[in-house]
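Okay, so here's the structure we're looking at.
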Amino acid sequence: MTATFPGGVVLTGRPGSGKTTVVRRTVATLVGHGVRVAGFLTDEVRERGTRVGFDLVVLTPDGRDADRHPLARVGAVSPVTVGRYGIDVAAVSDALPALSGPGDVVVVDEVAPMELKAPGFVAAIASAVTGSRPLLATVHERAGGMATQLRQDPRLHLLKVTPHTRDTLPDEATLLLLRCLEAARHG
């Protein structure tokens, strides 16, 4: 018998709204409940207060940062670019195995234009939403394709991150994911 996808939470919002912060806090709370995670985050890289790029950060099952993969840098020479950022699509490919790692909840931060440029990324996300583990994902507010599919998936709870909601959303996301885990265990 094949397990049914138990659903999950998708966070959306404008760049800089706090999506990654909400994911980090949600992961910490889930781990406090004994839940293991598998996946990665996209962290800003700043120099002297200015954003100069992004790294993909693979998570350990207990939510700590493991490997860092440089995803994008301002002015980097690359055949793949998004705005002023040169993209290292190999960084995404290097992080994708984390999605199938040991964990109760799959974490993907973020489904956005940079990540969507990498071969295999869309297939990995499609696999996550047909798997047996709940998903916690962030989705760029205006990205199309897979991002739109996730925002519109009725099995996923869509939560909008704003400066006014980002402090309360980790608790809401945690509760929803714990319910998804419970449903998966009894499904």
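The values are calculated or read from the model by the stated rules, or taken from the named source; none is laboratory data. All of these numbers come straight from a predicted model, not from anything done at the bench. Virtual Cβ from ideal backbone geometry, glycine too; neighbours counted across all protein chains shown.
What the table shows:
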{"quantity": "Lone unmet requirement of (1) touching a residue at least 24 places away in the same chain (Cβ under 8 Å); (2) of a type in the set (A, V, I, L, M, F, W, C); (3) in a strand (DSSP E or B) for V52", "calculated": "(1)"}
{"quantity": "Matching entry among A112, A76, A91, A123 (being small (G, A, S), more than 23 Å from R46 (Cα to Cα) and surrounded by fewer than 24 Cβ atoms within 10 Å (Cβ to Cβ))", "calculated": "A123"}
{"quantity": "Total residues in the stretch 56-65, condition part of a loop (DSSP other than H, G, I, E, B) and touching a Gly at 6+ places or on another chain (Cβ under 8 Å)", "calculated": "1"}
{"quantity": "Residue list for the stretch 94-106, restricted to those being under 13 Å from the mean Cα position of the chain (by Cα) and either surrounded by fewer than 21 Cβ atoms within 10 Å (Cβ to Cβ) or within 16 Å of H69 (Cα to Cα) (or both)", "calculated": "A95, L96, A98, L99"}
{"quantity": "Residue among R46, R68 that alone is over 15 Å from the mean Cα position of the chain (by Cα) and in a strand (DSSP E or B)", "calculated": "R46"}
{"quantity": "Of the criteria (1) without any contact (Cβ under 8 Å) to a residue 24 or more places away in the chain; (2) charged (D, E, K, R); (3) closer than 19 Å to L181 by Cα, which one R36 fails", "calculated": "(1)"}
{"quantity": "Among residues of the stretch 164-187, those that are in contact with a Gly (Cβ under 7 Å, 6 or more places away or on another chain) and either part of a loop (DSSP other than H, G, I, E, B) or modelled with pLDDT under 90 (or both), counted", "calculated": "1"}
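Residue-by-condition table, conditions (1) in a loop (DSSP other than H, G, I, E, B); (2) free of Cβ contacts under 8 Å to residues at least 12 places away in the same chain; (3) not small (G, A, S):
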position: M114; (1), (2), (3): no, no, yes
position: A118; (1), (2), (3): yes, no, no
position: S127; (1), (2), (3): no, no, no
position: S132; (1), (2), (3): yes, no, no
position: A137; (1), (2), (3): no, no, no
position: T148; (1), (2), (3): no, yes, yes
position: R151; (1), (2), (3): no, no, yes
position: L158; (1), (2), (3): no, no, yes
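Residues are listed down the side, and each one gets a yes or a no for (1) among the charged types (D, E, K, R); (2) surrounded by 17 or more Cβ atoms within 10 Å (Cβ to Cβ); (3) under 14 Å from D167 (Cβ atoms):
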residue	(1), (2), (3)
G7	no, yes, no
L11	no, yes, yes
K19	yes, yes, yes
V22	no, yes, yes
H33	no, no, no
G39	no, yes, no
